[in-house]
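Peer 1: One structure is given below, represented as structure tokens, and several questions about it will come after.
The values are calculated or read from the model by the stated rules, or taken from the named source; none is laboratory data. Not measured: the values here are computed from a predicted model. For neighbour counting, all protein chains shown are included, and Cβ atoms are generated from backbone atoms with ideal geometry for every residue, glycine included. Ligands, DNA and RNA are stripped out before the accessible areas are found, and what is left, the full protein with its side chains, is counted by its heavy atoms. Shrake-Rupley method; radii C 1.70, N 1.55, O 1.52, S 1.80 Å.
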Amino acid sequence: MDAFRAALELNSRHETARQSLVALLLADNRLAEAEKTLAEGLALNPRQIGFATALARIQVERGASATALDTLAAVAPHAGDSAQFEAFFAALLHRAGRHREAVERYSRALQLAPGTGVWLLGMGLALQADGRSAEARAAFEQARASRQLSAELAAFVEERLGEWSSN
């Protein structure tokens, strides 16, 4: 850690040194230091979606979901073709009750990585919460058809689809 800190003192924009330091801090469960190091890196390069995503994950872990959403929103215009970024942003939006926005982000993620089961599941949940039942059912069916879900998630999808069968 000392070597990476020294490298950052010489060149605060050295992203590889910052990434390595953050990895070591996280491995040592030093979340506050990792968060500070990522925030500093993001201040130096506001387009660094990797730093923003890692920072947002730490913020969520400490219960600051609104701050995490702000962090992601600030770099969203620079996310480019990152399906992972879009899906993570969508999941946080859904958790915050911003279901329509979550659907938009899941749609982008799925355009970039079609057929990703867990994202189809997330899309279904966001659609259902937004009152779009027919679209939600279709998303759950696609999630099931992907055959990518864990046993627990597959059972959850079956339960959701069963709700429509019983109506």
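Peer 1: Which whole-Hz ³J(HN,Hα) couplings does the stretch 116-130 yield from phi under the Karplus relation 6.51 cos²θ - 1.76 cosθ + 1.60, θ = phi - 60°, glycine and proline marked x?
Peer 2: The phi angles translate into 6, x, 5, 6, 5, 4, x, 4, x, 5, 5, 5, 5, 5, 8 Hz.
Peer 1: I want to verify a result. In a Gaussian network model of the chain, Cα cutoff 10 Å, which of these has the top mean-square fluctuation: Glu101, Glu86, Glu152?
Peer 2: Highest fluctuation of the listed residues: Glu152.
Peer 1: Related question: Taking K and R as +1 and D and E as -1, what net charge do the other residues with C-beta under 12 Å from the C-beta of Glu104 add up to? Mind showing how you got there, number by number?
Peer 2: On the way: positive: Arg98, Arg100, Arg105, Arg108; negative: Glu86, Glu101, Asp130.
Computed value for this residue: +1.
Peer 1: Mind checking the per residue accessible area of the stretch 51-167 for me, 1.4 Å probe, whole number of Å²?
Peer 2: 50 Å²
Peer 1: Right, here's the next one. Share of the chain's accessible area from carbon and sulfur, percent, 1.4 Å?
Peer 2: Whole-percent figure for carbon plus sulfur exposure: 50.
Peer 1: Relative contact order for the chain: what is it in percent, counting Cα pairs under 8 Å that are at least 6 residues apart?
Peer 2: Working: 195 pairs, mean separation 19.1, N = 167.
The normalised contact order for the chain reaches 11 percent.
Peer 1: At q = 0.10, 0.20 Å⁻¹, what is the base-10 log of I(q)/I(0) for the chain according to the Debye formula with one equal point scatterer per Cα and no solvent? Please give it to two decimals.
Peer 2: Those come out to -0.45, -1.18, one per q.
Peer 1: Here is a further query. What list of ³J(HN,Hα) values in whole Hz, one per residue of the stretch 78-91 in order, does the Karplus curve 6.51 cos²θ - 1.76 cosθ + 1.60 (θ = phi - 60°) give from phi, with Gly and Pro shown as x?
Peer 2: 9, 6, x, 9, 8, 5, 4, 4, 4, 5, 5, 4, 4, 4
Peer 1: Less than 15 Å from a label point 7 Å out along the Cα-to-Cβ axis of Ser12: which backbone N atoms in the stretch 23-59 qualify, by residue?
Peer 2: Flagged as within label range: 36-46.
Peer 1: Using only the alpha-carbon atoms, what does the stretch 7-102 span along each of its principal axes? Please give whole angstrom values in decreasing order.
Peer 2: Principal extents (largest minus smallest coordinate, Cα): 45, 27, 18 Å.
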